[in-house]
Amino acid sequence: INAEYGLASSLAEEKHEENESCELIDRNWNWRADEYRFSPTRAKQMPGYVGSNAMDALSMALHCAWTSTSLPEAMLNIANRRGDADTTAAICGQIVGAMYGYDAIPADWLARVYHWDPHKLLLLRASRLYDREHDDEEEDFTTSETEDEKQRAVRSDDDDDDDDFEETDDEATVEVKRAVTDDGVEFFSVEPVVCQHVVDIADDIAEEPVDSKLFEKRPLQCSKCDLELDEQWYCINCHQLRCGRYHNGHAAEHFEESKHSIAISFGDLSAWCFECDAYVHGGSLDNIVNQLRSIKFKEEN
């Protein structure tokens with residue numbers, strides 16, 4: 001029994017040429033078993049990241065879906081196993097989502113997602129993927145969208161209690177692009193935009209060199225809560241480092257207090273406009289991003 005057959009059939013591997021150097025206890029893919037656990041060796045080697053192995057992630061996702069009787073039960077089951085929980089839970093979520101449907105997702109869970117996705121781009125992508133899968137007619141997928149599709153990306157068709165997104169002259173239109181790879185895999189991306197707040201970056205801010213001393217001590221530290229994490233957000237106006245919305249949300253809080261619209265993530269060097277609720281780029285902002293890139297990767301200017 002090899003790995004692929006074992007995973008598909010919920011079986012442990014048997015000794016063969018390809019796994020001679022492995023302990024069979026680490027090649028157990030019997031995810032239907034009530035006592036199923038992650039590979040003990042990999043769990044010991046990387047306790048905070050177990051499940052990052054593709055076989056481990058899929059088998060544990062199948063186990064939690066198989067041994068649970070509802071979508072919330074399965075999701076809490078897999079998330080509380082820790083390790084690489086964002087990956088394993090994402091896989092399990094797709095499985096139990098297909099099993100139980102959208103209505104099985106607790107309302108308070110959806111409310112928390114929509115808090116960070118007020119324009120419901122996630123629903124838009126899911127709807128398009130579903131339509132693509134169930135469309136009998138061939139479509140010509142390109143990297144551009146019609147104007148109507150762009151408008152759908154920033155407005156929800158749902159008649160719920162969420163505030164409608166109204167575009168003004170100062171707000172950027174969120175653009176979702178759709179493309180297809182050479183082997184037929186369709187994907188979506190949210191493109192950064194040039195908003196008015198990027199255009200209006202003052203000359204003194206654009207021309208002032210970024211102080212590399214702010215980034216000497218690693219991990220970086222949030223100036224509000226002292227959270228140590230390299231994925232801090234750098235305010236281009238006052239140079240404070242603040243933690244993101246998935247931690248204590250002090251970057252967003254800083255915007256509410258100061259109205260400094262634009263911050264740059266030191267984690268992935270993306271720039272975000274809090275006023276427009278969008279990823280942004282262009283103009284003198286790119287110069288600041290490039291300075292941070294040089295600091296992060298210790299490049300010569």
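Could you look through the stretch 202-225, keep only residues that are among the charged types (D, E, K, R) and open to solvent by 90 Å² or more (accessible area, probe 1.4 Å), and pick out the one that is modelled with the lowest pLDDT?
Among them, the one singled out is 204.
Restricting the stretch 208-239 to residues that are under 21 Å from residue 273 (Cα atoms) and touching a residue at least 60 places away in the same chain (Cβ under 8 Å), which is farthest from the chain's Cα centre (by Cα)?
209
In the stretch 25-41, is there at least one residue being surrounded by fewer than 19 Cβ atoms within 10 Å (Cβ to Cβ), among the hydrophobic types (A, V, I, L, M, F, W, C) and either touching a strand residue (DSSP E or B) at 6+ places or on another chain (Cβ under 7 Å) or modelled with pLDDT under 90 (or both)?
yes
Taking the stretch 272-298 only, how many residues are touching a residue at least 40 places away in the same chain (Cβ under 8 Å) and either in contact with a strand residue (DSSP E or B) (Cβ under 9 Å, 6 or more places away or on another chain) or assigned to a loop (DSSP other than H, G, I, E, B) (or both)?
12
Pairs only if they're at least six apart or on different chains, beta carbon under 9 angstrom, first in the stretch 96-119 and closer than 19 Å to residue 64 by Cα and hydroxyl-bearing (Ser, Thr, Tyr), second at pLDDT 90 or above and part of a loop (DSSP other than H, G, I, E, B); list them, first residue then second.
Hits for this filter: 100/70.
If I go through the stretch 237-252 residue by residue, how many of them are over 21 Å from residue 195 (Cα atoms) and open to solvent by 30 Å² or more (accessible area, probe 1.4 Å)?
5
Restricting to the stretch 222-242, name every residue that is under 20 Å from residue 280 (Cβ atoms) and either in contact with a His (Cβ under 6 Å, 6 or more places away or on another chain) or in a helix (DSSP H, G or I) (or both).
Within the stretch 222-242, 235, 237, 242 qualify.
Each row is one residue, and each column tells you yes or no for (1) open to solvent by 40 Å² or more (accessible area, probe 1.4 Å); (2) closer than 20 Å to residue 196 by Cβ; (3) in contact with a Phe, Trp or Tyr (Cβ under 7 Å, 6 or more places away or on another chain).
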| residue | (1), (2), (3) |
| --- | --- |
| 235 | no, yes, no |
| 267 | no, no, no |
| 270 | no, yes, yes |
| 286 | yes, yes, no |
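Looking at the stretch 47-92 only, could you name the residues that are assigned to a loop (DSSP other than H, G, I, E, B) and touching a Pro at 6+ places or on another chain (Cβ under 9 Å)?
Correct list: 82, 83.
Check off (1) modelled with pLDDT under 90; (2) out of contact with any strand residue (DSSP E or B) (no Cβ under 9 Å at 6 or more places or on another chain); (3) open to solvent by less than 50 Å² (accessible area, probe 1.4 Å); (4) not polar (S, T, N, Q) for residue 20 and give me the number that stays unchecked.
(3)
For residues that are part of a helix (DSSP H, G or I) and either in contact with a His (Cβ under 7 Å, 6 or more places away or on another chain) or open to solvent by less than 50 Å² (accessible area, probe 1.4 Å) (or both), scanning just the stretch 101-118, find the one that is nearest to residue 75 (Cα to Cα).
104
List every residue pair whose Cβ atoms lie under 8 Å apart, where the two residues are 6 or more positions apart in sequence or sit on different chains, the first residue falls within the stretch 60-76 and is of a type in the set (Phe, Trp, Tyr), and the second residue, located anywhere, is in a loop (DSSP other than H, G, I, E, B).
Cβ pairs passing all conditions: 66/31; 66/32.
The values are calculated or read from the model by the stated rules, or taken from the named source; none is laboratory data. The shown structure was predicted, so the numbers you read here are calculated from the model rather than taken from an experiment. Cβ: placed from backbone, ideal geometry, glycine included. Neighbour counts: every protein chain shown. The protein model used for the area step is the full one, side chains on, heavy atoms only, and it has no ligands, DNA or RNA in it. Shrake-Rupley method; radii C 1.70, N 1.55, O 1.52, S 1.80 Å.
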